[in-house]
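Data first, discussion second: the structure below is written as structure tokens.
The values are calculated or read from the model by the stated rules, or taken from the named source; none is laboratory data. Being a predicted model, the structure only gives us computed values, none of them experimental. Neighbour counts run over all protein chains shown; Cβ positions are idealised from the backbone, glycine included. SASA here: full protein model, heavy atoms, side chains in, ligands and nucleic acids out. Shrake-Rupley method; radii C 1.70, N 1.55, O 1.52, S 1.80 Å.
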Amino acid sequence: VLRDRGRKKDVIMVDQQQAAQALVAQLQGMKEEGNQIAQKISELDQERHEHSLVIETLSKLDGSRKCYRMIGGVLTERTAGEVLPAVKENMTKLEQVCTDLYKRLQDKEKEMQEFQSKHNIRLARPGEGQQKKEGGAKDDEYHV
């Protein structure tokens with residue numbers, strides 16, 4: 001009878017560890033999703049900067065001056081007067097997408113914080129858990 005109780009405790013501990021690992025994996029998935037959103041924001045910010053440089057340059061030019069624009073991988077010849085409104089429109093669209101992505105990132109960060117609080121997950125500081133792993137914990141190691 002004592003052996004059965006010990007096995008049941010071992011099974012319960014294993015189940016709890018698996019559940020904790022599943023929660024940590026879910027949180028890490030959320031973190032990765034947030035990182036992907038942040039990376040996309042960074043890329044689009046770079047494009048916005050490039051668009052602003054083009055707008056600044058084209059604004060100084062005569063509207064009838066020839067310029068070249070890449071559209072879908074094809075270099076086209078246009079006038080500065082034709083290209084400037086299109087670049088401004090693209091800039092507006094990029095700003096809107098960036099605004100939407102910033103909102104999604106903030107929502108994802110809030111969701112992660114709520115998830116951590118709900119499931120009592122904390123980020124381990126470097127040096128914690130050295131008995132479990134040699135060399136200490138990683139920067140992104142979580143404990144339940």
Condition met for Lys110 (open to solvent by 100 Å² or more (accessible area, probe 1.4 Å), closer than 26 Å to Glu141 by Cβ, of a type in the set (D, E, K, R) and in a helix (DSSP H, G or I)): yes
Exclusive hit being of a type in the set (Val, Ile, Thr), closer than 30 Å to Glu32 by Cβ and assigned to a helix (DSSP H, G or I), set Thr99, Thr92, Thr57: Thr99
Verdict on Val87 being in contact with a strand residue (DSSP E or B) (Cβ under 9 Å, 6 or more places away or on another chain), within 30 Å of Gln116 (Cα to Cα), open to solvent by less than 80 Å² (accessible area, probe 1.4 Å) and aliphatic (A, V, I, L, M): no
Residues being modelled with pLDDT under 95, over 14 Å from the mean Cα position of the chain (by Cα) and closer than 26 Å to Lys108 by Cβ - total across segment 22-70: 5
Conditions (1) open to solvent by 70 Å² or more (accessible area, probe 1.4 Å); (2) more than 30 Å from Gln16 (Cβ to Cβ); (3) part of a helix (DSSP H, G or I); (4) not aliphatic (A, V, I, L, M): number failed by Tyr68: (3)
Qualifying residue in segment 59-82 (condition: of a type in the set (A, V, I, L, M) and touching a His at 6+ places or on another chain (Cβ under 8 Å)): no
Boolean, Arg69 is among the charged types (D, E, K, R) and in contact with an Asp or Glu (Cβ under 7 Å, 6 or more places away or on another chain): no
Enumeration of residues in segment 19-43 that are touching a helix residue (DSSP H, G or I) at 6+ places or on another chain (Cβ under 9 Å) and open to solvent by 60 Å² or more (accessible area, probe 1.4 Å): Gln26, Lys31, Glu33, Lys40
